[in-house]
Amino acid sequence: MEQETRKSLSDEYEVTEVLGRGGFSVVRKGIQKCSEGNTSVAIKTLRRFGPLTPSPGSRKSKNSNRALISDALLTNELLVMRKIVEDVSPHPNVIHLRDVCEDNGGVHLILELCSGGELFDRIVAQAKYNESEAAAVVRQIAKGLAALHRANIVHRDLKPENCLFLNKDENSPLKIMDFGLSSVDDFTDPVVGLFGSIDYVSPEALSRGKITHKSDIWSLGVILYILLSGYPPFIAQSTQQKQQMILNGQFSFYEKTWKIISSSVKHLITSLLKVDPDMRPSAEEILRHPWVTGDLAKQDQMDAEIVSRLQSFNARRKFRAAAMASVLSSSFSLRTKKLKNLVGSYDLKPEELENLRINFKKICKNGDNATLSEFEE
Ligand code: ATP
């Protein structure tokens, strides 16, 4: 990566369609202007929402929280990505930062383009799916985690939507990405809790205990449970109940779904989801597990019901994420506590769902033609 960070985006790249949106970012496709083969990249723009410290005597702006969070996320992501460049890259399972540009629109991270889609999207789309394929996914994530953990980087936000395939090839590498929360220590602002579902969060993160590389291992345990059943290990009527289940490590392998799944992977999941982080295996140990190496993973086609459950789980998750991105990137006043509970919960009331739909439609309407000015309020 080049050291110069003050390069303007438009000088270097032709920016094309929107690839995705997060709470404080927009990711667009770009083509490097001076590259020989017209290299395509992903441009993640992290927008600054204003000065961190209001000028003396000025009233606390309603955007000050937002500025605080966006700035912390931005600084953090930049820091972690630079450490990845120094200590991890190139690695087949960790996203690579190619360059950084900065202008009035914000800071633009120039990332390698992942055009192969999200982890669950690919799994639900493929005709053949078995334990062996799930083991291959775990191998890739564990390899990426092992490299990150060796460099003392804890991802802290590992979830399926942060795992993208590099390309559409059958054997495409799977890349771990989105390091926005990776080392923000003790980030207690409640708005941060809005970023996503608590499904993948470890008990120590929930109880504001010490986060270590073992917290990522818990998240991998949750991903693996979903990969083999189509539903998450901790399901409850309310977010509060779910939190309690996570804190107690209270989950089961329901007979109907799990009786056909290899006992060796059930043991593995049980070890990944240990409440005591020290009892969880490291990423390196996971890579040596006989189910993960493929030796004990079954080759039989997975039950159709599991795949169809995974499909609806995925659709629901995407809807929630899109609604959340729309809320976070549009009106600040919509971010009420109620909305937080609403989106964090699986049980949406019809009128609540309708509100989210309206928001969702808003971003779809702006959709692919969105520009930076649309991203700014
Ligand atoms: P969140 O608020 O969910 O944490 P974020 O602001 O950190 O999100 P990302 O998750 O990094 O943003 O990116 C948002 C979306 O943009 C992703 O879900 C993905 O669809 C797309 N995206 C991000 N990076 C890439 C990439 N390198 N190649 C292709 N698409 C990408």
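Annotation: M302 fulfils all but one of (1) touching a residue at least 24 places away in the same chain (Cβ under 8 Å); (2) out of contact with any strand residue (DSSP E or B) (no Cβ under 6 Å at 6 or more places or on another chain); the unmet one is (2). Hey, can you tell me all the residues within region 106-128 that are in a loop (DSSP other than H, G, I, E, B) and modelled with pLDDT of 95 or more? Those that are in a loop (DSSP other than H, G, I, E, B) and modelled with pLDDT of 95 or more: L113, C114, S115, G116. Could you check region 158-183 and list, in sequence order, the residues that are in a loop (DSSP other than H, G, I, E, B) and more than 9 Å from the ligand (Cβ to nearest atom)? Passing the criteria: L158, N167, K168, D169, E170, N171, S172, P173, S182, S183. Among the residues making up region 140-157, those that are aliphatic (A, V, I, L, M) and either in contact with a Leu (Cβ under 7 Å, 6 or more places away or on another chain) or part of a helix (DSSP H, G or I) (or both) are I141, A142, L145, A146, A147, L148. Number of residues in region 235-251 that are part of a loop (DSSP other than H, G, I, E, B) and modelled with pLDDT of 95 or more equals 3.
Within region 51-99, take every residue that is surrounded by 14 or more Cβ atoms within 10 Å (Cβ to Cβ) and basic (K, R) and give me the one that is modelled with the lowest pLDDT. Looking at the filtered set, the residue picked out is R66. Among the residues making up region 11-45, those that are surrounded by 12 or more Cβ atoms within 10 Å (Cβ to Cβ), away from the ligand (no atom under 15 Å from the Cβ) and modelled with pLDDT of 75 or more are E12, E14, K33.
A search for C-beta distances below 7 Å between a residue of region 85-98 that is among the basic types (K, R) and any residue that is assigned to a loop (DSSP other than H, G, I, E, B), counting only pairs 6+ apart in sequence or on different chains, returns R98/M1. Does region 129-139 include one or more residues that are in a strand (DSSP E or B), in contact (Cβ under 8 Å) with a residue 24 or more places away in the chain and farther than 30 Å from D11 by Cα? Yes, region 129-139 contains a residue that is in a strand (DSSP E or B), in contact (Cβ under 8 Å) with a residue 24 or more places away in the chain and farther than 30 Å from D11 by Cα. Selection of first residues in region 262-277 that are part of a helix (DSSP H, G or I) and at pLDDT 95 or above and of second residues that are surrounded by 22 or more Cβ atoms within 10 Å (Cβ to Cβ) and acidic (D, E), restricted to Cβ pairs under 7 Å at least 6 apart or on distinct chains, gives the following pairs, ordered by first then second residue: V265/E131.
The values are calculated or read from the model by the stated rules, or taken from the named source; none is laboratory data. Values in this document were obtained by computation on a predicted structure and should not be read as measured data. Neighbour counts are summed over all protein chains in view; Cβ atoms, including those assigned to glycine, are modelled from backbone coordinates with ideal geometry.
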